[in-house]
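In what follows, a structure is listed as structure tokens, so that the remarks can point back to it.
The values are calculated or read from the model by the stated rules, or taken from the named source; none is laboratory data. Just so we're clear, the structure is a prediction, and the values are computed from it rather than from any experiment. Methodologically, a virtual Cβ is constructed for each residue, glycine included, from the backbone with ideal geometry; neighbour enumeration extends over all protein chains shown.
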Amino acid sequence: MLIGKIVSANSHVEYICQVYGPYEAETPPAAADYAFGALVAVELSEGGSLVGVVADTLLVNPEFGNLGPRLSPETELSVFSPDYLAEKATLVRIIALGFVDGEGAVQQGVPAVAAAIDAPVRAMTGEEVVAFHRVEGRLQLAYLPLLMGRVSPLTAPLVARLLQTLADRFPEEAARLRVLADNLAWRSQLEPMA
């Protein structure tokens, strides 16, 4: 399921995706497709994809505070102004966790390649999530230090959500993932005191 397209980058691992709205996609994405902690793939033109996680949501509404008169009410814009561009947008911040090449080889951590403007972003399937995290037959989270090193009040809840998703996908690892989640939650509560 296509979610949107890359419109900006704040760094090599942090991208902004504009979520498709009505009339921009055949089937506009549901809110669950780009929810906080959702795993996504950013398609690359040379093949393969970046794997990322939705880390934040930004809402853009240029009309906010515009109290002046309007020539056409919003309900009649399609009739009187068919070329009117809706400038309201939902943007999501995506943190790249790694890369999957065209043959399916996985590299976790900072990817060597970067996404381009207008690169399509799609929700990952459950099978793709498992394939990205199962390296040489074992669960791997090599990107975790990259994610934990980010300075944001959303980091701890993001990692907790990601670990819960993985516990659901890897039931045989659920106990170990729960211990890791508890450890990281405890650490995030103590760090503000230091």
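Name the single residue, out of those in segment 175-194 being surrounded by fewer than 16 Cβ atoms within 10 Å (Cβ to Cβ) and either within 11 Å of residue 139 (Cα to Cα) or among the acidic types (Asp, Glu) (or both), that is modelled with the highest pLDDT.
Going through segment 175-194, the residues surrounded by fewer than 16 Cβ atoms within 10 Å (Cβ to Cβ) turn out to be 175-176, 178-179, 182-183, 185-187, 189-194.
Filter again for either within 11 Å of residue 139 (Cα to Cα) or among the acidic types (Asp, Glu) (or both), leaving 176, 182, 191.
On the way: 176: 93, 182: 88, 191: 65.
Among them, the one singled out is 176.
Only a single criterion out of (1) within 26 Å of residue 166 (Cβ to Cβ); (2) without any contact (Cβ under 8 Å) to a residue 12 or more places away in the chain; (3) surrounded by 14 or more Cβ atoms within 10 Å (Cβ to Cβ); (4) of a type outside the set (Lys, Arg) is not satisfied by residue 19, namely (2). Can residue 105 be described as over 26 Å from residue 20 (Cα atoms) and surrounded by fewer than 14 Cβ atoms within 10 Å (Cβ to Cβ)? For residue 105, the condition - over 26 Å from residue 20 (Cα atoms) and surrounded by fewer than 14 Cβ atoms within 10 Å (Cβ to Cβ) - is met.
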